[in-house]
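Taking it in order: structure first as structure tokens, then the write-up.
No value in this document is a laboratory result; all are computed from the given coordinates. Remember, predicted model here, so these are calculated numbers, not experimental data. Cβ: placed from backbone, ideal geometry, glycine included. Neighbour counts: every protein chain shown.
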Amino acid sequence: MEDGKSAPLERYLAVLEAVATASKALSLSEIAERCALPVGSTHRLLQNLQGSGLVTTDGTRRKDYRLGERLLRLLHAGSDDAWLKISVQPVLDALANEFGETCFVTRLVGHQVISLAWAVPTSGLQGYVFPGHIMPPHAAASAKAILAFQPKSVVDKALDVVLPKLTPRTKVTRTSIDREHARVRASGYATCLNEMEPGVGALAIPIEVPEVGVMYSLGVSSLIDRLNRRSLEVTIERMRIAADGLSPALGDLSSRSPMRPPPRRSPGAYSAKG
């Protein structure tokens with residue numbers, strides 16, 4: 001590829017491909033060499049990509065380049081569900097058996113929160129969570145745990161739908177939802193108690209992925225009476241430990257070539273109970 005003889009978009013794509021397929025952050029000269037471009041042209045391309053959040057530097061004096069948060073979030077949103085399910089399933093299975101309840105992971109795709117994977121205890125089905133369904137943005141604990149950490153523009157789009165009053169406890173005004181999101185940020189967990197169905201509840205923890213932020217949440221769903229058998233503090237602490245285990249598994253997606261599946265980790269849908 002010679003500078004000036006390829007379309008501008010192709011040069012940008014070549015730079016992104018060079019950075020994405022490298023096993024480590026690359027210097028300016030390394031990227032220029034891989035793309036067969038002059039250093040000056042490569043620098044201009046990188047500056048534009050960095051300005052758009054598609055690449056970033058590692059903070060060292062040499063300013064090595066790696067994929068930026070904006071591109072990584074797009075990668076997670078559009079990644080193959082099968083590899084993600086393989087990554088999270090062992091942790092979900094272990095947690096479901098420990099709690100004796102349904103446990104699940106949801107993911108932010110665009111401005112919607114969608115159920116990704118679930119697990120039930122081996123003793124039998126204890127709740128109803130079905131992968132692939134959109135979670136009610138105003139009521140589901142799993143949706144609150146993600147949306148509370150998103151930019152206002154994403155929250156605006158997520159809530160720009162009909163927000164049905166599912167029960168007398170359902171919050172439907174923007175003021176009450178914003179107040180709920182502030183509580184989630186302060187406490188580090190979200191609840192859905194009698195908000196989608198009387199007598200049914202859910203708890204959810206945001207899963208923060210390095211360099212990506214919060215795009216996933218870990219939830220447990222059950223009848224409220226069963227949730228209350230274990231103290232809230234103990235449940236949340238155990239969920240946080242599980243979320244810490246899920247974070248690097250999901251983070252593998254950011255550090256690998258899109259053509260290679262992440263390694264499987266050992267364990268440590270729409271839901272009316274989400």
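Tabulated results
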read-out: Value of relative contact order over segment 8-67, rounded to a whole percent, pairs C-alpha under 8 Å and six or more apart; value: 39
read-out: Percent of C-alpha pairs per 10 Å bin, segment 74-255, short to long; value: 10, 42, 37, 11, 0
read-out: Protection-proxy order for peptides 217-224, 51-58, each taking the mean of Cβ atoms within 10 Å per residue, highest first; value: 217-224, 51-58
read-out: Fraction in percent of alpha-carbon pairs per bin - 10 Å, segment 8-67; value: 25, 65, 9
